[in-house]
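Encoded as structure tokens, the structure appears first; notes follow it.
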Amino acid sequence: MGAEGRRPWRYFRDPWNVFDFVIVALAFLPVGSQYVTVVRLARLLRVLRLVRALPRLQILVGALLKSIPSMGYVSLLLLLIFYVYAVAGVFLFGGNDPFRFGSLQIALVTLFQVATAEHWSTTLYTQMYGCTQAGYDGREALCTAPSARPIVAPFYFISFILIGARVLSEVEPEALPVAMEPKPGASDTLA
């Protein structure tokens, strides 16, 4: 504000200056120190000013923003896949593995772990061999109805991983090039 001399109100014409002012003003509020740290970390968003300085980066960021609606539909498709597999998982494995498939909510979290390859083999082995044989170390009291599904479990998990990976690796990246296509009659700004 001091750089503006006798006209400090001109400082507030730039939205980034307003952003900085709000962050600094919030830092002086009498709140817990952990909240002030989070607010100060928000200043890292100033790096976004580079978008204005680099035209090619501006084109890329614009394309990413245009692809958000397409990614929303891909996310909806992924949510439907997760939902169908979670319902099937509760139906197929709920009795054998109530810790991972006892309810729809827990099954959705388990499928997220499987999709991110987080201990998915333990989950598979529990379903293949039953909860008395694998995956219930220290939680034996939860294993009330052990049942092994050596054919269904591999098909279920491998198909889920392949379909989920296909959606994430093939369909979602397709949204960005579509958003980067020039509109009819627009000049080519990348050349």
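Residue selection: Val87 fails the criterion of being surrounded by fewer than 17 Cβ atoms within 10 Å (Cβ to Cβ), of a type in the set (A, V, I, L, M, F, W, C) and out of contact with any helix residue (DSSP H, G or I) (no Cβ under 8 Å at 6 or more places or on another chain). Restricting Pro150, Pro154 to residues that are assigned to a loop (DSSP other than H, G, I, E, B) and modelled with pLDDT of 90 or more narrows the list to Pro150.
For the range 93-116, a residue qualifies if it is of a type in the set (A, V, I, L, M, F, W, C) and within 15 Å of Thr144 (Cα to Cα), and the qualifying residues are Phe93, Phe99, Phe101. A count restricted to the range 118-147 and to residues that are free of Cβ contacts under 8 Å to residues at least 40 places away in the same chain, under 12 Å from Phe99 (Cβ atoms), surrounded by fewer than 13 Cβ atoms within 10 Å (Cβ to Cβ) and within 32 Å of the chain's Cα centre (by Cα) stands at 2.
The values are calculated or read from the model by the stated rules, or taken from the named source; none is laboratory data. No experiment lies behind these values; they were computed from the predicted model shown. Don't worry about glycine lacking a Cβ; one is built from the backbone with ideal geometry, like all the others, and counts go over all protein chains shown.
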